[in-house]
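Below is one structure, written out as structure tokens; comments come after it.
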Amino acid sequence: MKKQSQQNKTALSRANQRRVNALRPVTFVRHFTRHAGGSVLTSFGHTRVLCTAMIERGVPDWLKGKGTGWLTAEYAMLPSSTHGRKRREGAKPDGRSVEIQRLIGRTLRSVVSLDRLGENTLFIDCDVLQADGGTRTAAITGAYVAICDAASAAVEQGTIERDPLIGQVAAVSVGIVRGVPMLDLDYSEDSVADVDMNVAMLSNGRFVEIQATGEHSTFARPELDTMLALASTGIRQLHKLQRNA
């Protein structure tokens, strides 16, 4: 009873009186810029990420002559994306950005047939315009929609013969805040979370990536199971929103 009361109190204290198992408002604005094959402004609440996808001729040297393509991702936060000005990254991104762009690349390669790309590279660029928690999961989710548009355009233009997408993927954050598991953390929740977790999942229910960290506390197996259940529910909703977009 005490735990239930705590959950109710926490739910009502979330932004917009969000329930612990509710996503923030999620939108995808396609064709946000003119020149990219796929360009999507992705919003998870106040988090805004511009995701672009472009397919270009050529592959890294280690893939030349093998008849297969490559997918690579870059991630950056613009200087005004946070409360204080974030210094613009130079030629060498910081460690956090490197880790996130590798996560984005790994996750999206799980739903792209590199063989169907031929000797072309699919470039994914995720630029955070405004950060309020969950930027990496918003980037993955929006980038998938951008790939859909870029792939369709490339087939139409004859750059590739077949749509390289072989699955659907989305991602969301979950965590334990003040002892309560909750879905899709904003910054005010993420910054004080006892446990923080990011989950990427395919539309068939298989997981691509699970990153769980005890920030200020450890967590037990039942709590892990609860967070995974919350993430799965949220990602299924995101898959539907992606398809609608």
Nearest 10 degrees is fine. How inclined is helix 95-109 to the longest principal axis of the chain, computing both from alpha carbons?
70
Computed [θ] at 222 nm, helices only, for the chain once each DSSP H run of length n ≥ 4 contributes -39500 (n - 2.57):
-10500 deg cm²/dmol
Tell me the label only: which of [x] 17.2, 53; [y] 18.5, 64; [z] 20.6, 69 is Rg and Dmax of the Cα atoms in Å as calculated from this structure?
[y]
Hey, quick one: spin label on Arg236, modelled 7 Å out along Cα-Cβ, who in the range 180-194 has an amide N within reach, i.e. under 20 Å?
181-185
So how tilted is helix 221-244 from the main axis of the chain? Cα-based, degrees 0 to 90, rounded to 10.
50
What's the magnitude of the charge dipole for the chain around its Cα centre, counting Lys and Arg as +1 and Asp and Glu as -1 at the beta-carbon? Answer in Debye, nearest 20.
520
Using the count of nearby Cβ atoms within 10 Å as a rough guide to exposure, how do Met182, Met54 rank from fewest to most?
Met54, Met182
On a 0 to 90 degree scale, rounded to 10, what angle separates helix 2-13 from the longest Cα axis of the chain?
60
Given points 7 Å out from each Cα along the Cα-Cβ axis, report the Asp94 to Arg221 separation in nanometres with one decimal.
3.8
Normalised by the residues of the range 15-244, what does the relative contact order come to in percent, with Cα pairs under 8 Å and at least six apart?
21
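Laboratory data are not the source of any read-out in this text; all were calculated from the coordinates shown. Nothing here was measured: the structure is a model prediction, and the numbers come from that model. With ideal geometry, Cβ positions are generated from the backbone for all residues, glycine too; neighbour counts draw on all protein chains shown.
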